[in-house]
Amino acid sequence: MSRDMIERKSLWDIDYIIVDFETTGSLPSLDSIIEVGAVIFSNGRIVDSFSSFVYPERNIPPFITFLTGITHEMLRSAPQASDVIPKLMKLIDGKVFVAHNAKFDLSFLNSQLEKLGMPQYAGDVLCTLHLARRLLKLPRRGLDSLAEYFGIDIPHRHRALYDAEATALILERLFKLLNNEGIFTWKELQKKLDGEYDIPKNFLKLKPILEYVPHAPGIIIFLDKLGDVLYVTKSKDIKNKISNYFYIQDNAPKNRKDLLISTYSLEYITTNTEFEAYLLEKELLQILEPRFNRIYKKGTSSQTSS
């Protein structure tokens, strides 16, 4: 679906896939997915679902068993991630990826895709946690809190399919709240979400760059109005890193906000490896001495010494 098409579409006319992973921990590089749950949400209702255990190839910590009820014995005959993830990606294709705290689920999905030698997910994402923060003045906006607020029962909490179904029902309620505010299209929703974050207008204008930046290691360069270099940073995935700058919450460090206020253009250089990005960053810092790199370095030093 083209960018123009989805922006003009009604929120109710877009196909969404709500995904939830149960994992052995919170670190994608070290932990494994043990259960996948997904529901397809279309025209305001759940129309299909998918769930599977995933063999983790490692022991499940006792805390995770206590939390989910999933034991290693339950996973002995489960399919490998190499079987489950491709099936999930076929379901995701052409749909908006939705999760409650989508950053967590996407990090595990992309980590697993990388291990399987598959392309990273680069489609549209909607986080119901962020949306709830924008719409609801509640002390807590976790899945349990929102389910209680909307009167939604979750029969088995911390089981992937049940959590995904609850998230879909929460999404339906949130869409109705958006409609009450006069927000009906995907484009209007994005404006609402951008308003949740303290992103200066000059930086928001740079968001279209995300359509062209690849998922690759490299260097990101922040420039001011005059084209002078403000900040240089490396990343193993420059698309993801640039994207993160458009989702800075109100409590972000002042230095980061000041950087965005001063930034009027972004440049990037791709490299073959993360190590090459590290070497290039080091070289550019020595040559350019960007102002915000010096500020961040000073801030880090002061924090370390305290």
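Would you pick out the residues in segment 64-96 that are among the polar types (S, T, N, Q) and in contact (Cβ under 8 Å) with a residue 24 or more places away in the chain?
THR68, GLN80, SER82
Give me the pairs, please: first residue somewhere in segment 242-256 and in the same structural domain as PRO214 (by TED's automatic domain parsing) and part of a helix (DSSP H, G or I), second residue anywhere and hydroxyl-bearing (Ser, Thr, Tyr) and at pLDDT 65 or above, beta-carbon distance under 9 Å, and either six or more positions apart or on two chains.
ILE242/SER235; ILE242/TYR268; ASN255/TYR296; ARG256/TYR245; ARG256/TYR296
Is it fair to say LYS234 is buried (at least 16 other Cβ atoms within 10 Å of the Cβ), of a type in the set (D, E, K, R) and in a helix (DSSP H, G or I)? Write out each step before concluding.
Details: buried (at least 16 other Cβ atoms within 10 Å of the Cβ): yes; of a type in the set (D, E, K, R): yes; in a helix (DSSP H, G or I): no.
Here the answer is no, as LYS234 does not meet what is asked.
Yes or no: segment 22-40 includes at least one residue that is without any contact (Cβ under 8 Å) to a residue 60 or more places away in the chain, in the same structural domain as PHE66 (by TED's automatic domain parsing) and closer than 17 Å to GLY123 by Cα.
yes
Got at least one residue in segment 50-63 being charged (D, E, K, R), exposed (fewer than 13 other Cβ atoms within 10 Å of the Cβ), on the phi < 0 side of the Ramachandran plot and free of Cβ contacts under 8 Å to residues at least 40 places away in the same chain?
no
Just to be sure I understand, how many residues within segment 164-204 are among the acidic types (Asp, Glu) and closer than 19 Å to GLU148 by Cα?
So the count comes out to 2.
Could you figure out which of (1) assigned to a helix (DSSP H, G or I); (2) within 22 Å of LEU27 (Cβ to Cβ) isn't true of PRO86?
Answer for PRO86: the failing condition is (2).
Among strands (runs of 3 or more DSSP E) lying entirely in segment 1-77, which contain 3 or more residues that are within 22 Å of the chain's Cα centre (by Cα), modelled with pLDDT of 95 or more and among the β-branched types (Val, Ile, Thr)?
By residue number, 16-23, 33-42.
If you go through segment 78-99, how many residues are under 27 Å from ARG141 (Cβ atoms) and small (Gly, Ala, Ser)?
Summing the residues that are under 27 Å from ARG141 (Cβ atoms) and small (Gly, Ala, Ser) in segment 78-99 gives 1.
The values are calculated or read from the model by the stated rules, or taken from the named source; none is laboratory data. Quick caveat: nothing in here was measured; it's all calculated off a predicted structure. Please note: Cβ atoms are built from the backbone with ideal geometry, for glycine as well, and neighbour counts cover all protein chains shown.
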